[in-house]
Each structure stands twice: as structure tokens, then as C-alpha cells.
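J.: First the structure, which I've put down as C-alpha cells, then a few questions once you've had a look.
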Amino acid sequence: MKKILSMLLTLTLLIGLLSGCGGNQNTGNQANDTANTASQNDQESTDNAGENDSQESDATDETGEETRTADPNKTSIVFGITSGFVDFTDYIPEMMAEWGYDVEIKVLDSPVVADTALAEGSIDANYIQHLPYLLAFNESNGTNLYPCEPYIMSSMDCIASLKYSSLDEVPDGATIAVADDASNLSVNLEDLASIGWLTLAEIPEGSSYTTFDILENPKNLQLIEMDMATRFAAMEGDVDLAMGFYTNTAQAKYNFNLLKLFDENIAYPQVVAVREEDKDAQWVEDLMAAMTSEAQVERINAKNDPNLAWKILFPQD
């Protein structure tokens with residue numbers, strides 16, 4: 001009898017042990033299921049995050065350059081320039097085509113023609129002038145052409161000569177070609193005054209100097225007003241000196257001596273101009289993004305060899 005009871009007790013203990021093992025196995029399975037579910041959720045979260053990152057990166061291309069989508073209200077742009085700005089704008093059509101724009105670069109004969117075309121609507125924007133020239137054009141013609149910001153670069157006035165190699169060699173009575181438009185003539189006169197060759201009267205702030213403001217001319221300079229395009233060429237026979245905005249291209253073409261570069265003056269920034277009513281348009285914002293891109297920096301720097309000719313004015317990355 002005792003033997004039978006002992007066997008029953010042993011059997012009961014075995015059943016209890018087996019039940020306990022089974023219960024632990026279920027608990028383990030539940031824990032594994034929970035862990036697997038959490039892992040799956042984590043993976044889904046990672047996948048979703050990757051999708052979000054991919055969606056957000058649509059704003060940049062494979063090289064990290066900013067990409068844009070064209071203004072739905074305007075995708076065709078006629079961009080007017082003069083010949084001196086061809087090398088600074090040649091990349092614009094291709095760059096903006098990637099954003100959905102069709103940009104035509106139109107080379108015009110002169111700043112007056114380019115500003116008139118902009119005011120009349122035959123072009124949409126231009127890049128042909130510094131800020132004082134634009135403001136003077138507006139004042140003289142009753143127009144509202146708008147200088148876009150940021151400004152692009154600052155050109156620098158110079159004194160050049162084929163006859164003389166230094167300012168000290170220039171004799172009294174020398175002939176010097178200066179600008180024939182109000183804003184650039186004012187630049188020339190201010191620069192001549194800064195080296196002591198002229199003394200100018202005080203004028204109201206914001207106005208331009210004219211030859212009537214010359215109080216003293218100790219070197220008895222003969223000022224010959226000429227168009228921008230002819231001043232450096234005039235040194236080959238008509239004048240002793242010429243003033244104009246320095247470029248290495250002009251120096252190489254005419255092989256002149258650079259007597260003075262007025263590199264401290266940044267009051268004459270080159271600007272992109274649009275009509276007043278277009279200044280807040282998306283296509284203008286996109287055009288300015290292209291005009292202040294790394295491609296523009298590269299082109300300006302290329303023009304600063306061997307001498308500094310242009311100062312970059314817009315922020316660089």
C-alpha cells in the first residue's frame with residue numbers, strides 16, 4: 001500500500017513539473033513574440049524614417065546642390081545683358097533649365113538700350129549696370145526698375161595709359177577720357193579728387209558730381225567725355241589717359257599700363273534689375289539663386305586673374 005502511495009506521489013510531482021515547464025515555455029514564447037513585434041516596429045519606424053529622409057532630400061540633388069521647381073506663373077525668361085557680362089551669365093540657361101525654366105540670354109548694345117527694353121517689357125530682367133547708374137536712369141526716365149538683392153559684385157575704377165607707366169609721369173595738361181553719363185562721370189571725378197588731381201565742391205547727399213563742381217584743377221587736366229565702349233580704345237591716339245572700370249580682359253586687349261586701381265570703393269555694386277511689379281515673384285528669386293550660386297563665384301574669380309577686378313558682394317557658403 002505504501003509502495004502504491006509513493007508511486008502516486010511521484011507521478012503527481014512529475015505532472016506538476018511538466019506543467020511548470022510548459023508554462024515557462026509559453027511565457028518565453030510570449031516574450032519572444034513581444035521582442036519580435038518590437039523589433040518589427042523598430043524596423044518599420046526606421047523604414048518610415050528613411051522614406052521621410054528621402055522625401056525631404058528631394059530639395060537637393062545628388063551633389064548636395066539646391067534644386068528648385070519653376071514658378072508656375074512664369075517659366076520663360078528673357079535676360080538682357082551687354083557684351084561685357086556674357087561670361088558671367090553663360091551658365092544661367094542650363095542651370096535654370098534643370099528647375100523647369102526656359103531662359104534666353106539676349107545681348108544688347110548698351111545699358112540705355114537694356115534698361116529701356118526692361119522698362120518697355122521686351123526683356124524680363126537685365127544685368128548690365130551698377131546701382132548708381134540704375135538709380136540715375138530711373139530718375140531721368142521716370143521708370144521704376146528695381147535693383148534685386150543681394151548685389152552681385154563691385155567693379156573698380158582705374159586710370160590707364162599707353163604713354164605713361166605711373167601717375168608721377170603724367171604731365172600737366174594731359175588729356176583724359178572720362179564717362180559721358182552722369183553716374184559714371186561722378187565716379188571718375190570723385191576718384192580724381194581722391195588722388196589730388198581735382199578739388200570738388202560739396203554737393204547734396206545722393207546727387208552726382210558734374211564738371212561744374214570742379215573748384216580746382218591743379219594739373220590742368222583736359223577732360224574728354226566719351227562712351228564707355230570707346231574710352232580705352234581712345235588711348236591709341238586721341239587721349240593720353242582713360243578712366244573706366246578695370247577688367248583683365250580690357251587690359252589684355254589694349255595692353256595698357258594700369259596707373260591706378262581704385263580698389264577701396266564698393267559704392268558701385270553691379271545689380272540684377274527687374275520691373276518693380278516683378279520684384280517678389282518666385283522666378284526672380286530663382287534667378288537670383290542662380291546668379292549667386294557657386295558657378296557665379298567661379299566665373300568672378302576667373303576674371304580676377306592676374307589682377308583683382310571684381311569684388312564678390314553676396315554671401316558665400
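The values are calculated or read from the model by the stated rules, or taken from the named source; none is laboratory data. Bear in mind that the values here come from a model prediction, so they are computed numbers and not experimental data. Positions of Cβ are generated from backbone atoms using ideal geometry, with glycine treated the same way; all protein chains shown enter the neighbour counts.
J.: The conditions are (1) touching a Lys or Arg at 6+ places or on another chain (Cβ under 6 Å); (2) part of a loop (DSSP other than H, G, I, E, B), and ASP286 fails exactly one of them. Which is it?
T.: Going through the list (1) touching a Lys or Arg at 6+ places or on another chain (Cβ under 6 Å); (2) part of a loop (DSSP other than H, G, I, E, B), ASP286 breaks only (2).
J.: Given the residues TYR209, TYR246, which is the only one that is within 21 Å of ASP87 (Cβ to Cβ), of a type in the set (Phe, Trp, Tyr) and crowded, with 17+ Cβ neighbours inside 10 Å?
T.: TYR246
J.: Go through segment 288-299 and count every residue that is farther than 14 Å from ASP317 by Cα and more than 9 Å from the chain's Cα centre (by Cα).
T.: Counting residues in segment 288-299 that are farther than 14 Å from ASP317 by Cα and more than 9 Å from the chain's Cα centre (by Cα) gives 1.
J.: Just one of ILE92, ILE105 is in contact (Cβ under 8 Å) with a residue 12 or more places away in the chain, in contact with a Pro (Cβ under 9 Å, 6 or more places away or on another chain) and either among the β-branched types (Val, Ile, Thr) or more than 24 Å from ASN304 (Cα to Cα) (or both); which is it?
T.: Checking each option against the conditions leaves just ILE105.
J.: Continuing with this model, one more query. Among the strands (runs of 3 or more DSSP E) confined wholly to segment 101-196, which include 1 or more residues that are under 19 Å from VAL86 (Cβ atoms)?
T.: 102-108, 125-130, 153-155
J.: Can we say GLU139 is under 25 Å from ASN304 (Cβ atoms) and of a type in the set (D, E, K, R)?
T.: no
J.: If ASP278 passes every condition in (1) surrounded by fewer than 19 Cβ atoms within 10 Å (Cβ to Cβ); (2) under 25 Å from ASP168 (Cβ atoms) but one, which one does it miss?
T.: Evaluating ASP278 over (1) surrounded by fewer than 19 Cβ atoms within 10 Å (Cβ to Cβ); (2) under 25 Å from ASP168 (Cβ atoms) leaves (2) as the failure.
J.: Now for a separate question. Can you name every residue in segment 230-248 that is in contact (Cβ under 8 Å) with a residue 60 or more places away in the chain, within 23 Å of HIS130 (Cα to Cα) and out of contact with any strand residue (DSSP E or B) (no Cβ under 7 Å at 6 or more places or on another chain)?
T.: THR247, ASN248
J.: Right, here's the next one. Restricting attention to segment 262-275, which residues are under 17 Å from the mean Cα position of the chain (by Cα), surrounded by 16 or more Cβ atoms within 10 Å (Cβ to Cβ) and in a loop (DSSP other than H, G, I, E, B)?
T.: The one that is under 17 Å from the mean Cα position of the chain (by Cα), surrounded by 16 or more Cβ atoms within 10 Å (Cβ to Cβ) and in a loop (DSSP other than H, G, I, E, B): TYR268.
J.: Kindly indicate which of ASN144, ASN138, ASN126 is among the polar types (S, T, N, Q), modelled with pLDDT of 95 or more and out of contact with any helix residue (DSSP H, G or I) (no Cβ under 7 Å at 6 or more places or on another chain).
T.: The unique qualifying residue is ASN138.
J.: Report, by residue number, each residue of segment 215-232 that is in a loop (DSSP other than H, G, I, E, B) and either of a type in the set (A, V, I, L, M) or farther than 16 Å from SER161 by Cα (or both).
T.: ASN217, PRO218, LYS219, ASN220, LEU221, ASP227, MET228, ALA229
J.: Quick check on this structure: which one of LEU259, LEU287 is crowded, with 21+ Cβ neighbours inside 10 Å, farther than 12 Å from MET153 by Cβ and aliphatic (A, V, I, L, M)?
T.: It is LEU287.
J.: Cβ contacts < 6 Å: first residue of a type in the set (A, V, I, L, M), restricted to segment 205-225; second residue loosely packed, with under 14 Cβ neighbours inside 10 Å, any location; separation 6+ or different chain. Result?
T.: Pairs found: LEU215/THR199; LEU215/ALA201.
J.: Something else about it: Could you list, in sequence order, the residues of segment 170-193 that are surrounded by 21 or more Cβ atoms within 10 Å (Cβ to Cβ), without any contact (Cβ under 8 Å) to a residue 60 or more places away in the chain and aliphatic (A, V, I, L, M)?
T.: Within segment 170-193, LEU189, LEU192 meet the criteria.
J.: For segment 295-310, which positions are in contact (Cβ under 8 Å) with a residue 60 or more places away in the chain and of a type outside the set (A, V, I, L, M, F, W, C)?
T.: If the condition is that a residue be in contact (Cβ under 8 Å) with a residue 60 or more places away in the chain and of a type outside the set (A, V, I, L, M, F, W, C), then GLN296, ARG299, LYS303, ASN307 are the ones that fit.
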